[in-house]
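For reference, the structure discussed in these notes is given below.
The values are calculated or read from the model by the stated rules, or taken from the named source; none is laboratory data. No experiment lies behind these values; they were computed from the predicted model shown. Cβ sites come from the backbone with ideal geometry, for glycine too, and all protein chains shown count toward neighbours.
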Amino acid sequence: MGTFSIWHWLIVLLIVVMIFGTKKLKNMGTDLGGAVKGFKDGMKDGSADADPNKPAAGQVANAAAEKTTIDVQAKEKS
């Protein structure tokens, strides 16, 4: 009941090759590789779209709050 031996895996591989054929398996591998490459390129494009000069949403809120903040120490009654 433990792990499968090398012979079990070879038999499974032989059955898979007999069912699908080597050409079909090669095409599936090529398609999978293309999908992974497209995903990686998409992730790179997504991080490149972020503008380094554009402030984050939290920074925009802080800038708006700073404009309305009154410095109490600067205004003293005379």
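Identify the residue in the stretch 1-34 that is in a helix (DSSP H, G or I) and either in contact (Cβ under 8 Å) with a residue 12 or more places away in the chain or polar (S, T, N, Q) (or both) and, among all such residues, is surrounded by the most Cβ atoms within 10 Å (Cβ to Cβ). For the stretch 1-34, the residue satisfying everything is Asn27. Screening Glu76 on (1) in a helix (DSSP H, G or I); (2) modelled with pLDDT under 60 shows it passes everything except condition (1). Scanning the stretch 61-69 for any residue that is assigned to a helix (DSSP H, G or I), polar (S, T, N, Q), surrounded by fewer than 10 Cβ atoms within 10 Å (Cβ to Cβ) and at pLDDT below 90 turns up at least one such residue. In the set (1) at pLDDT below 90; (2) within 21 Å of the chain's Cα centre (by Cα); (3) not polar (S, T, N, Q), Pro55 fails one condition alone, (2).
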